[in-house]
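Visitor: Just dropping this structure here.
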Amino acid sequence: QLRRPEKDPEKDVSSYTRVFGMSGSPDPKGAFVLRSLSAGKYQFEPLFHARYWYLQSLVMGKTDAAANWTTVKFGEHLTNLTITLAEGAASIRGKLESGEPPPGTVLYLVPSEHDKAGDVLRFFVTEIGPDGTFALNNLPPGRYWALAQTNSDAQIATITKLRQPEAATARTKLRKTAEAKKTEIELKPCQNLADYQLK
């Protein structure tokens, strides 16, 4: 499905587009069509339910469509979007060692590998429950810094906001903060890490 910047006026999006044009399903060969889009900026949000899949890349031609808005002009037809899903996703379930966290506490996973530092699809966030438990699924295998924060920046409080182009500076700051804490997690392909204790 597609999403637009939050500040885009709702009047610019027709009711038909909101209901019928903002999502589409692939055929058996993986091809899909999104129709009747209004002119404007969009980001793509693949939705899938396979446990061991993860979103590897979103590319529009030579542009990283995961890290940038894609602009659609009036009457334009875009035909070079490639969404790549890969097998080998990991998952993690755990609990804070400190027990019950303050309300609004979230867990971030950010890439610790230098060559992945700019890959927005390696940034994750999830709420930590009142009992201190948390869970993340469909994670690309690799190394991550884990960071629990309370009263986190609203700009990066959800995975949608965390991955938006406007959050690039906040992501860099977040990664530096997580690196300083040095709580690293390495996830192997298809690994289900359970009962993880986060300091």
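Visitor: Using alpha-carbon pairs under 8 Å, 6+ residues apart, how would you state the relative contact order of the chain in percent?
Guide: Numbers: 373 pairs, mean separation 42.0, N = 199.
Reported as a whole number, the value is 21 percent.
Visitor: Quick one: which residues, 5 or more positions from Thr158 or on another chain, have an amide H under 5 Å from its amide H? H modelled 1.01 Å from N in the peptide plane, none for Pro or chain starts.
Guide: Correct list: empty.
Visitor: Taking the Cα of Thr150, stepping 7 Å toward and past its beta carbon, and measuring to each backbone N in the range 117-137: which are under 15 Å?
Guide: 128-133
Visitor: Using only helices, what value at 222 nm comes out for the chain when you add -39,500 (n - 2.57) per DSSP H run of length 4 or more and divide by the total residues, to the nearest 500 deg cm²/dmol?
Guide: Working: 2 runs with 18 residues, N = 199.
Only helices count here, giving -2500 deg cm²/dmol.
Visitor: Tell me, what HN-Hα J-couplings in whole Hz come from the Karplus equation 6.51 cos²θ - 1.76 cosθ + 1.60 at θ = phi - 60° for each residue of the range 87-102, using x for Gly and Pro?
Guide: 8, x, 4, 10, 9, 9, 9, x, 8, 5, 5, 6, x, 6, x, x
Visitor: Please list, in order, the residues from the range 159-173 whose amide nitrogen is less than 14 Å from a point placed 7 Å along the Cα→Cβ vector of Glu6.
Guide: Correct set: 159-168.
Visitor: Let me ask something else. Name the longest site-free stretch of the chain, where the excluded sites are GluC sites (Glu not before Pro) in a DSSP loop with no more than 15 other beta-carbon atoms within 10 Å.
Guide: Excluding the exposed sites themselves, the longest stretch runs over 114-199.
Visitor: Select from Gly75, Gly24, Gly61 the residue whose mean-square fluctuation is largest in a Gaussian network model of the chain (Cα-Cα springs shorter than 10 Å).
Guide: Highest fluctuation among the options: Gly75.
Visitor: Quick check for you: with a 1.4 Å probe and neighbouring chains kept, what is the accessible area per residue of the range 133-188, in Å²?
Guide: Averaged over the residues of the range 133-188, the accessible area is 51 Å².
Visitor: Which net charge results for the neighbourhood of Tyr196, defined as the other residues with beta-carbon distances under 11 angstrom from its beta-carbon, given Lys and Arg at +1 and Asp and Glu at -1?
Guide: +1
Visitor: Of all accessible surface on the chain at a 1.4 Å probe, what whole percent is carbon and sulfur?
Guide: Details: 5930 of 11700 Å².
So the carbon and sulfur contribution to the accessible surface is 51 percent.
Visitor: With springs only between Cα atoms under 10 Å, which of Asp64, Asp119, Asp153 fluctuates most in a Gaussian network model of the chain?
Guide: Looking only at Asp64, Asp119, Asp153, the biggest GNM fluctuation is shown by Asp153.
Visitor: Between Tyr52 and Ala168, how high is the FRET efficiency from 1/(1 + (r/R0)^6) when r is the Cβ-Cβ distance and R₀ = 22 Å? Nearest 0.05.
Guide: Rounded to the nearest 0.05, the efficiency is 0.15.
Visitor: Please find, in a Gaussian network model of the chain (springs between Cα atoms separated by less than 10 Å), the residue of Ala167, Ala66, Ala39 whose mean-square fluctuation is greatest.
Guide: Checking each option, the largest mean-square fluctuation is seen for Ala39.
Visitor: Just to be sure I understand, if you calculate volume of the Cα convex hull per residue in Å³ for this structure, which of (1) 124; (2) 135; (3) 191 do you get?
Guide: The value computed from this structure is option (2).
The values are calculated or read from the model by the stated rules, or taken from the named source; none is laboratory data. Given the structure is predicted, the values throughout are model-derived calculations rather than measurements. Glycine gets a Cβ as well: all are built from the backbone with ideal geometry, and neighbour counts include every protein chain shown. Surface accessibility is based on the protein's heavy atoms, side chains included, excluding ligands, DNA and RNA. Shrake-Rupley method; radii C 1.70, N 1.55, O 1.52, S 1.80 Å.
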